[in-house]
1. Restricting attention to segment 14-58, which residues are more than 18 Å from A82 (Cα to Cα), part of a helix (DSSP H, G or I) and not acidic (D, E)?
2. When the residues of segment 247-284 are narrowed to those that are at pLDDT below 95, part of a loop (DSSP other than H, G, I, E, B) and open to solvent by 10 Å² or more (accessible area, probe 1.4 Å), which ends up nearest to P167 (Cα to Cα)?
3. Of all residues in segment 146-163, how many are open to solvent by 50 Å² or more (accessible area, probe 1.4 Å), under 13 Å from I282 (Cα atoms) and not aliphatic (A, V, I, L, M)?
4. Filter segment 15-37 down to the residues that are of a type in the set (G, A, S) and either open to solvent by 10 Å² or more (accessible area, probe 1.4 Å) or touching a strand residue (DSSP E or B) at 6+ places or on another chain (Cβ under 6 Å) (or both) and list them by number.
5. For I58, are the conditions met, namely being surrounded by fewer than 19 Cβ atoms within 10 Å (Cβ to Cβ), touching a residue at least 24 places away in the same chain (Cβ under 8 Å), of a type in the set (A, V, I, L, M) and closer than 27 Å to H199 by Cβ?
6. Quick check on my filter: what residues within segment 156-186 are touching a Ser or Thr at 6+ places or on another chain (Cβ under 6 Å) and at pLDDT 95 or above?
7. How many residues does segment 164-179 contain that are under 21 Å from T231 (Cα atoms) and surrounded by fewer than 23 Cβ atoms within 10 Å (Cβ to Cβ)?
Amino acid sequence: MASAPRFRCAVVSAVKHDYVARGVASHPRFELVVVADDPDIPQWAHERNQQFADAHHIPYLRDVERALSEFDIQVAIVSPEAERHSDLSIRAARVGKHVIQDKPLATSRADADRLVNAIEQCGVRFLMWNRNFLPAVLHAREQIKAGVIGKPFAIHADFYFAKDAGPTKGTRLPGYPPIDWRAHQIAAHVDGADGGLGHTPIGELAVEGIYPLGYIRFLTGTNVQRVFAQTTSFFHQAHADNDVEDLASVSLEMEGGMVGSIAIGRIGLASHPSGGEIKLHILGTEGALVINEGRPEVGIYYKNQPPKEARQRRMANDNDFLLADNFARAIDENSETVLDARAARAIFATVEAALESSRTGQPVVVRADG
């Protein structure tokens with residue numbers, strides 16, 4: 001690794017999740033050299049970008065194309081508001097930069113298709129940031145590949161995310177205006193609960209669905225063909241006011257006769273000592289696996305512990321390093337990443353179909369291709 005070439009990275013907006021850029025930088029082959037964004041974004045967004053640049057002692061340019069061309073960049077790390085994901089990734093790909101992107105892939109099918117086409121036409125590598133290399137998920141994959149449970153035929157993922165999203169549902173007093181989604185998400189950045197940041201409200205299937213659907217794809221290697229979903233705004237006033245879901249269940253019909261399901265929700269900080277209830281249940285012809293995504297972990301409790309501090313801490317978690325290592329290998333070998341653009345679009349299409357199903361009350365066929 002010491003003799004392998006390093007990749008110079010531009011952080012193309014750190015407005016939403018700067019943990020993506022920090023995760024990439026945990027690998028010695030990646031170096032953050034500049035932060036860049038468009039000049040016409042709001043002042044609060046410029047301030048976030050500048051704070052990240054200052055923290056890493058690198059310049060901030062209000063000119064994406066100039067940063068990509070003048071700083072000898074090989075990799076663009078993209079994490080703006082959700083609506084700008086595809087546009088910034090496409091612009092980076094079109095000037096020959098490899099792309100690591102925050103979720104979701106896009107906010108419309110047209111944008112998702114444009115992004116996949118740009119990545120493939122320009123011959124660059126793409127990675128959708130994910131959690132597939134968490135220790136428990138890797139262990140599950142090893143057990144499946146070793147044939148411990150025989151041939152898998154059914155899989156379920158619980159993904160109950162224990163983070164708040166503002167006032168609980170039912171607390172808005174009569175006569176008070178609905179919560180403004182974008183203003184709420186900007187304020188939520190302080191404690192990291194701004195996953196749906198953007199002009200258009202988006203619910204938990206779009207925001208967090210990448211994780212359980214990514215696990216299912218990673219563990220089974222199959223595509224989802226048809227879905228049936230039910231969604232609701234159950235926990236949070238912001239979701240209810242903006243008609244987006246914070247709780248959902250999705251049944252999956254998959255290739256080869258496999259079936260699956262996910263239960264997903266942003267269930268509030270008070271619901272769990274840390275992180276949330278995130279488990280995988282896999283049934284095979286010779287046995288079954290139940291995997292807790294947070295393991296291995298230790299519990300830490302002490303007097304006067306801050307109420308929002310996680311009580312359970314994950315151990316031996318090299319997910320960020322392993323994702324970056326996977327991306328470096330993909331560049332070196334001109335191979336695909338663990339969650340490339342086409343796989344990310346397949347997950348986008350599954351979420352799209354699930355939301356349509358929840359509106360119509362009918363099963364919906366997944367349109368994975370453009």
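The values are calculated or read from the model by the stated rules, or taken from the named source; none is laboratory data. Since we're looking at a predicted model, the values are computed, not measured. Note: ideal-geometry Cβ built from the backbone for every residue, glycine included; neighbour counts use all protein chains shown. Accessible surface is based on the protein model in full, side chains and every heavy atom, while ligands, DNA and RNA are left aside. Shrake-Rupley method; radii C 1.70, N 1.55, O 1.52, S 1.80 Å.
1. Those that are more than 18 Å from A82 (Cα to Cα), part of a helix (DSSP H, G or I) and not acidic (D, E): R22, G23, V24, A25, Q50, Q51, F52, A53, A55.
2. Among those residues, the one meeting the criterion is I267.
3. Here is the first cut: in segment 146-163, the ones open to solvent by 50 Å² or more (accessible area, probe 1.4 Å) are 146, 148, 151, 153, 160, 163.
Cutting the leftovers down to under 13 Å from I282 (Cα atoms) gives us 148, 151, 153.
Filter once more, so that each one left must be not aliphatic (A, V, I, L, M): 151, 153.
Of the residues in that region, 2 qualify.
4. Start the filter on segment 15-37 by keeping residues that are of a type in the set (G, A, S), which leaves 21, 23, 25-26, 36.
Once the filter is applied, which keeps residues that are of a type in the set (G, A, S) and either open to solvent by 10 Å² or more (accessible area, probe 1.4 Å) or touching a strand residue (DSSP E or B) at 6+ places or on another chain (Cβ under 6 Å) (or both), segment 15-37 yields A21, A25, S26, A36.
5. Numbers: surrounded by fewer than 19 Cβ atoms within 10 Å (Cβ to Cβ): yes; touching a residue at least 24 places away in the same chain (Cβ under 8 Å): yes; of a type in the set (A, V, I, L, M): yes; closer than 27 Å to H199 by Cβ: no.
No; evaluated as a whole, the condition is false for this residue.
6. Looking only at segment 156-186, we keep the residues that are touching a Ser or Thr at 6+ places or on another chain (Cβ under 6 Å), and these are 156, 162.
Listed by number, the list holds a single entry, H156.
7. First pass over segment 164-179, keeping only residues under 21 Å from T231 (Cα atoms): 164-171, 178-179.
The next check asks that each one be surrounded by fewer than 23 Cβ atoms within 10 Å (Cβ to Cβ); those that pass are 164, 166-171, 178-179.
Residues in segment 164-179 being under 21 Å from T231 (Cα atoms) and surrounded by fewer than 23 Cβ atoms within 10 Å (Cβ to Cβ): 9 in total.
Residue by residue, here is whether (1) over 25 Å from S357 (Cα atoms); (2) charged (D, E, K, R) holds:
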site: K151; (1), (2): yes, yes
site: A154; (1), (2): no, no
site: D158; (1), (2): no, yes
site: I202; (1), (2): no, no
